[in-house]
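See below for the structure under consideration.
Please treat every number below as a calculation from the coordinates, not as lab data. Here the structure is a predicted model, which is why all the values come from computation and not from measurement. FYI the Cβ positions are ideal-geometry reconstructions off the backbone, even for glycines, and counts take in every protein chain you see.
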Amino acid sequence: MILFQDEFKLFFNDSSLQEIADKCLKISLDAFNVNNGNIPKWTIALEELNALPKGKIELDEPYIKLDQSGINTEIITTALKRLLPWRKGPFMFNSLKLESEWQGGLKWQRLQNHITPLKNRRVLDVGAGNGYFTLRMAMEGASKALGIEPFLLFNYQYTAIKSLANNTTNTMLLPIRLEEMPKLAVFDSVFSMGVLYHQRDHMQHLSQLKEMMTPGAELILETLVVDGPNGYSLIPEGRYAQMRNVHCLPSIETLKSWLVQANFKNIQVIDISKTTPEEQRKSEWIGDNAASLEDFLDPSDSSLTKEGHPAPTRVIIICQN
Ligand SMILES: C[S@@+](CC[C@H](N)C(=O)[O-])C[C@H]1O[C@@H](n2cnc3c(N)ncnc32)[C@H](O)[C@@H]1O
């Protein structure tokens, strides 16, 4: 069991979060109790890391960095490699650089100066991966930064990072899906990044995000888009850029109309970026024979995916409840 109940209690100690604490704890405990053949290996990794002295967690752009004096880098490397693949990051452990597949610092740079500053805000990061961005939200001064992420490996990766840190009481990652969250308006900033296109029902996702937001709260939505007029969406048959579970890629105008329909206000497009091989790259930290962006594109035309769809372009939209 990797959920630290003491840490949970400490995190949920504010009056609003207390209202959702019991349900969040129950769902998380159930999720951690599933049969998953990798859990013994992941647990060994956590035990190895837990035996090490803790250090200060801080930002060394773009790395989330942990500094523990006198630590053997080989021990950390062995333990962290039990938790492959590392999709999100990057992280640094003393001199060891964990170069994850995604260079998360680039996404953060694109939105950092546009969002309402997170200082003293309660923040929800939906589909948080291993919590790289959740930790960055906490580092921006959020009073609480809660990440929810159903994929268990990412919860173990997050726990691995936290087990080496001595100063992270304002963040938590829990194995919960958005649709399982108790519906209470408790968050001042809600992030949904890289999640909408994985949903079968995009309108349901948007309204569930809204239900978690206090009046006037801010939504930061990042998702894949395609060129096209209002009303146009690409619904890939089969895979998109080799991903199986991509349901719908709207045009930007279509996406804005969905947000209007979901009753969001002040809808602003703050960034449109093509995904580059600098941002999504091959790395020893995604394991042997692992593929990345360059393998997902048409080798003779990098403006297309292997399936002949437009190559990945992402938009970031900010709007208010
Ligand atoms: C492409 S990753 C994005 C991770 C991170 N937010 C980022 O921007 O790099 C999408 C994540 O959303 C999670 N996810 C998918 N559906 C979800 C849902 N309904 N509720 C919460 N998380 C979800 C997936 O498990 C996956 O880890």
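Things to note:
- Sequence-distant lysines (8 or more away, or on other chains) whose Cα lies within less than 17 Å of residue 9: 23, 26, 144, 162
- Counting Lys and Arg as +1 and Asp and Glu as -1 over every other residue whose Cβ lies under 13 Å from the Cβ of residue 18, the net charge comes to +1.
- The stretch 88-157: C-alpha gyration tensor shape, a/c 1.5 cut-off, then a/b vs b/c: oblate
- Note: relative contact order over the stretch 1-135, using C-alpha pairs below 8 Å and six or more positions apart, is 16 percent.
- Helical mean residue ellipticity (222 nm; -39500 (n - 2.57) per DSSP H run of 4+; nearest 500) of the chain: -9000 deg cm²/dmol
- Antiparallel DSSP beta bridges within the chain, percent to nearest 5: 55 percent
- When the square roots of the Cα gyration tensor eigenvalues are ordered a ≥ b ≥ c, the ratio a/c for the chain is 1.5 or more and a/b does not exceed b/c, which makes its shape oblate.
- The loop-placed chymotrypsin sites (Phe, Trp or Tyr not before Pro) in the stretch 179-255, going by DSSP, that have at most 14 neighbouring Cβ atoms within 10 Å of their Cβ come out as 232.
- In nm, spacing of pseudo-spin labels at residue 50 and residue 26 (7 Å Cα→C-beta vector): 2.6 nm
- Which listed pairs, of 119/256; 97/183; 56/183, have C-alpha distances above 32 Å, in listed order: 97/183; 56/183
- Cα gyration tensor category, rounded, prolate or oblate, for the stretch 1-159 with a/c compared to 1.5: oblate
- Dipole axis of the chain (+1 Lys, Arg; -1 Asp, Glu on Cβ), positive-most option in 220, 277, 109: 220
- Note on the chain: with a GNM built from Cα contacts shorter than 10 Å, the maximum mean-square fluctuation among 25, 249, 96 falls on 96.
- Percent antiparallel among DSSP beta bridges (both partners in the stretch 74-203, rounded to 5): 20 percent
- Label-point separation, residue 274 to residue 34 (7 Å along Cα→Cβ), nm: 3.7 nm
- Loop-located trypsin sites (Lys or Arg not before Pro) in the stretch 231-307 whose Cβ has at most 15 other Cβ within 10 Å (DSSP): 239, 244, 282, 306
- Label point of residue 200 set 7 angstrom out along Cα-Cβ; within the stretch 245-261, amide nitrogens under 20 Å from it belong to 245-250.
- The stretch 114-236: radius of gyration over Cα atoms, expressed as a fraction of 2.2 N^0.38 Å: 1.09
- Taking every DSSP bridge with both residues inside the stretch 137-295, close to 25 percent are antiparallel.
- Eligible aspartates and glutamates near residue 306 by straight Cα distance, threshold 15 Å, same-chain separation 8 or greater: 237, 294, 295, 298
- Cα centre as origin, Lys/Arg/Asp/Glu Cβ charges: the stretch 183-257 dipole, Debye: 240 debye
- Where a label projected 7 Å from the Cα of residue 244 along Cα→Cβ would reach, residues of the stretch 17-61 with amide N under 17 Å: 37
- Other residues whose C-beta falls under 14 angstrom from the C-beta of residue 118 contribute a net charge of +1, scoring Lys and Arg +1 and Asp and Glu -1.
- Low-density loop positions, GluC sites (Glu not before Pro), the stretch 219-308 - DSSP coil, at most 11 other Cβ in 10 Å: 237, 278
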